[in-house]
Amino acid sequence: MGKVYLVGAGCGDLDLYTLKALRCIQKADCLVYDHLVDDTILENCKAGCEKIYVGKKAHQHTMQQEDINQLLVDKARQVSCVVRLKGGDVYVFGRGGEEGQVLFENGIDFEVVPGVSSATAGLAYAGIPITHRGISGGFQVYTAQLKHNQERTFDFTKMLDNSCTYVFLMGMSKLAMIVQGFLEAGKDQQTPVAIISNASLPAQKTLVGTLTTILDQFAASPLPTPGLIVVGSVVSMRQYLNFYERKPLFGKHILVTTVGQDHELSTILKDAGADVSEIMTGKIEYLKADTRQVSGWLVFTSQHGVHGFMASYLQQHHDIRALANTKIIAIGKKTNDTLKQYGLSADDLPESENSVSLDELLNHIAKDEPVFYARGRMAANLSCPHENLIVYENIAVDISSQKAHYDYGFFTCASAVLRFHQASASEIDIFVSIGPKTTQAIRECYGQDAKIIEAHTAAKKAMAEACLKEVK
């Protein structure tokens, strides 16, 4: 008999998952999940994990609740670890209590992992504290949806305390009823109201008004679900606390091309508020190379080159000390940091992290000194004589799911430019390039007039910094 974990997935932002939630997902044999806002979390499942989608949208139920309850019982009898991943918190209008009760009645061991509820976090991301000293000393949270589509009725005469915050979840379709209820109960017409759509996500939008204006505002600028309705004086604090929508890249649609599962650049841009579409244009496959004659100078231009070379070298030599008399050049701090993982460090680091600076450095090496270049199969040739050690290959993959338009497109290599251009008709306003060769590829594919921001050094962090500098 297995165990079921009822896990809260938080209110949207992937970073709001708890550490325990992530550990449960990583060990799950079966994952039963709701309509998650960010499916990237599924990448954390172990190989062989069965993933079953049971999501519910407004008026669209993949599976009825009673069937979900039975599914959890059945799966717990088949595998050791079942994770039921639910949006927000398990018990804040999440039906987690119903699922736990059924598990108990069937003798199934279960555990609850609380999640970050939109009732609090959603407000925080809109710059609205659910309580604030001197303004609100408490809060009440309601749902506008009931079991079997019953009509939700509220006693608004009990919601007239101006020192309390009132939050309504799943209430976008009931906005008129909620506003009218407050007004008929005698609530001050100037009471602040906020509507928050897609809280904590790049698509977040917020409308702020009063009980007398919010309906007209919503009619003029309707917001999509899921949404929150907040009534109370704490809404006025948004002018000071709205940190999220003030982020420099908030509202910007950004393409990030990657080779393999490299999320470094996406993480930096998301932290700056961007709506990031990460598209893999290639994957790295390490190759066997004959490294037995390496001497003189050994050049690395990427982390992939380091890993690929060392895989072959250690297999052929079994002792890193065989490189004692070889001088090493590395382009970029990240490449040198990767060398340090193997107990090595570069003898020379070019001033600029690009192939142009490398060419200049190699030109000062005596002509009779051998130079070995640990490179990928499609890497650009250097201008000086050298021995190529083909230690990895950037293999093309299928490219799909692009948006029609991006404000910025980030490209970390020339091959990514070529592959994306061939596979997609997406429009990109501004290109962000990691270096001269990538810039050249952008101009060849998208025209000489393409607007390009080139990083001052060949590093992903430098690309993000260049973009942020342009925005500011």
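For the reader, a short list of remarks on this structure follows.
- From helices alone, the chain scores -8000 deg cm²/dmol at 222 nm; the rule is -39500 (n - 2.57) for each run of n ≥ 4 DSSP H residues, then divide by the residue total.
- With the simple spin-label model, which puts each label point 7 Å out from Cα in the Cβ direction, the residue 405 to residue 341 separation comes to 4.0 nm.
- Protection proxy ranking of 17-30, 233-246, by the mean of other Cβ atoms within 10 Å over each peptide's residues and highest first, is 17-30, 233-246.
- Protection proxy ranking of 439-448, 167-176, by the mean of other Cβ atoms within 10 Å over each peptide's residues and highest first, is 167-176, 439-448.
- Here the calculated FRET efficiency for residue 131 and residue 444, from their Cβ-Cβ distance with R0 = 60 Å, stands at 0.55, rounded to the nearest 0.05.
- Around residue 316: net Lys/Arg minus Asp/Glu count, Cβ-Cβ under 11 Å: 0
- In this structure the amide hydrogen of residue 374, modeled in the peptide plane, comes within under 5 Å of the amide hydrogens of 299, 389, none closer than 5 places in sequence on its chain.
- The orientation-averaged shadow of the Cα convex hull for region 247-472, equal to a quarter of the hull surface, comes to 12.5 nm².
- Using a Förster distance of 22 Å, the FRET efficiency for residue 162-residue 215 (Cβ separation, nearest 0.05): 0.60
- Label zone at residue 423, where the point sits 7 Å out along the Cα-to-Cβ direction: region 243-262 residues whose backbone N lies under 13 Å: 256-261
- Axis of helix 436-446 versus longest Cα principal axis of the chain: the two differ by about 60°, to the nearest ten degrees.
- Gain upon complete extension [residue 319, residue 240; 0.36 nm per residue less C-alpha separation]: 22.5 nm
- Helix 460-471 and the longest principal axis of the Cα set of the chain meet at an angle near 60°.
- Simple spin-label estimate for residue 38 and residue 64 in nanometres, 7 Å along Cα-Cβ: 3.5
- Debye intensity ratio in log₁₀ form over the Cα atoms of region 7-99, taken at each q of 0.10, 0.26 Å⁻¹: -0.23, -1.63
- Spin-label model, residue 173 to residue 453: label points 7 Å out along the Cα-to-beta-carbon direction sit 4.2 nm apart.
- Relative to the longest principal axis of the Cα atoms of the chain, helix 175-185 runs at roughly 40 degrees.
- Prolate/oblate/rounded label for the chain (Cα gyration tensor, a/c 1.5): prolate
- Amide H to amide H distances under 5 Å link residue 432 with 409, 410, 411, 453, where only residues 5 or more positions off or on other chains count and H is placed in the peptide plane.
- Relative contact order of region 3-116, defined on C-alpha pairs under 8 angstrom at six or more residues apart (%): 44
- Contour excess over end-to-end distance, with Cα ends at residue 47 and residue 287 and 0.36 nm allotted per residue: 84.0 nm
- With contacts taken as Cα pairs under 8 Å and at least 6 residues apart, region 400-455 reaches a relative contact order of 38 percent.
- Working from Cα pairs under 8 Å separated by at least six residues, relative contact order for the chain is 11 percent.
- In this structure the amide hydrogen of residue 328, modeled in the peptide plane, comes within under 5 Å of the amide hydrogens of 298, 347, 348, none closer than 5 places in sequence on its chain.
Rule-based calculations on the coordinates, nothing more; no lab input. If you're wondering where the values come from, they're calculated on a predicted model, not measured in any experiment. Neighbour counts run over all protein chains shown; Cβ positions are idealised from the backbone, glycine included.
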